[in-house]
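The values are calculated or read from the model by the stated rules, or taken from the named source; none is laboratory data. Quick caveat: nothing in here was measured; it's all calculated off a predicted structure. We place every Cβ from the backbone using ideal geometry, glycine too, and count neighbours over all the protein chains shown. Calculation scope for accessible area: heavy atoms of the full protein, side chains included, ligands and nucleic acids excluded. Shrake-Rupley method; radii C 1.70, N 1.55, O 1.52, S 1.80 Å.
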Amino acid sequence: VTFAAAEANPDIYFIGVDQWYGIEGVPENLVGIQFREDHSGFMAGAMAALMTETDIVAGVYGIDIPPVVKFRNGFEQGVMYVNPDVTALGTYIDDFLAPDRGASAAEQFMGEGADVIFGAGGPTGTGGIKRAAEEGVYVIGVDQDEYFTSFGSGETPGAEFLISSAMKRVDLGVYD
């Protein structure tokens with residue numbers, strides 16, 4: 001869609017976030033930018049492995065597209081690097097806009113003993129971490145500083161259980 005829009009509007013610049021267009025035939029007014037979600041996911045996994053007391057952590061992920069898969073792979077590798085005895089549970093949810101489904105997944109993981117939950121899937125992942133935090137489970141957000149957004153600068157119930165957010169700084173990528 002972005003490619004077609006760039007072709008149809010050569011006087012307007014377009015940026016495709018998390019998109020790659022190849023090398024040949026790309027309009028001069030279009031650039032795709034990608035990020036190393038695996039890096040921030042790794043750090044989130046390392047933190048989760050350091051914080052868990054049950055040796056079970058989990059991730060609530062959105063659609064299994066490359067950026068989300070990279071977050072998950074990085075998270076699970078970070079967990080294993082810090083403590084290979086920690087079990088990393090996870091699920092993909094086929095919708096980025098389903099906070100209720102993210103919350104249900106988090107409840108399932110808490111029932112399985114997870115005491116740190118990573119949410120990487122837009123509002124779906126946020127639904128998971130908000131639900132877990134309300135229950136006193138430590139959580140790690142993604143893409144934005146969820147302390148200020150999803151947890152209302154500390155005013156949302158459970159905000160004290162937000163450890164950190166794995167940020168890839170889309171804002172800086174688009175600005176640059």
*Scan region 111-125 for residues that are open to solvent by 10 Å² or more (accessible area, probe 1.4 Å) and touching a helix residue (DSSP H, G or I) at 6+ places or on another chain (Cβ under 6 Å) and jot them down.*
P123
*Just one of G74, G62, G102, G90 is crowded, with 17+ Cβ neighbours inside 10 Å, over 24 Å from E135 (Cα atoms) and not hydroxyl-bearing (S, T, Y); which is it?*
G74
*Where residues in region 127-151 are charged (D, E, K, R) and open to solvent by less than 80 Å² (accessible area, probe 1.4 Å), which of them is farthest from the chain's Cα centre (by Cα)?*
R131
_From the options M51, M110, residue that is within 23 Å of P123 (Cα to Cα) and not acidic (D, E)_ = M110
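With the requirement that a residue be outside any strand (DSSP E or B) and of a type in the set (F, W, Y), what does region 48-77 give you?
Of everything in region 48-77, those that are outside any strand (DSSP E or B) and of a type in the set (F, W, Y) turn out to be F71, F75.
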_Of all residues in region 7-26 being part of a strand (DSSP E or B) and open to solvent by less than 60 Å² (accessible area, probe 1.4 Å), the one that is nearest to Y138 (Cα to Cα)_ = V17
*In region 161-175, the residues that are under 16 Å from M47 (Cα atoms) and either among the aliphatic types (A, V, I, L, M) or surrounded by fewer than 14 Cβ atoms within 10 Å (Cβ to Cβ) (or both)*: L162, I163, A166, M167
*Of all the residues that make up region 78-100, how many are under 21 Å from P66 (Cβ atoms), of a type outside the set (A, V, I, L, M) and not in a strand (DSSP E or B)?*
4
*Would you call G154 farther than 17 Å from A48 by Cα, open to solvent by less than 60 Å² (accessible area, probe 1.4 Å), touching a helix residue (DSSP H, G or I) at 6+ places or on another chain (Cβ under 7 Å) and not hydroxyl-bearing (S, T, Y)?*
no
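Please find, within region 27-55, the residue that is nearest to the chain's Cα centre (by Cα) out of those that are hydrophobic (A, V, I, L, M, F, W, C) and open to solvent by less than 40 Å² (accessible area, probe 1.4 Å).
Per the criteria, the residue is A44.
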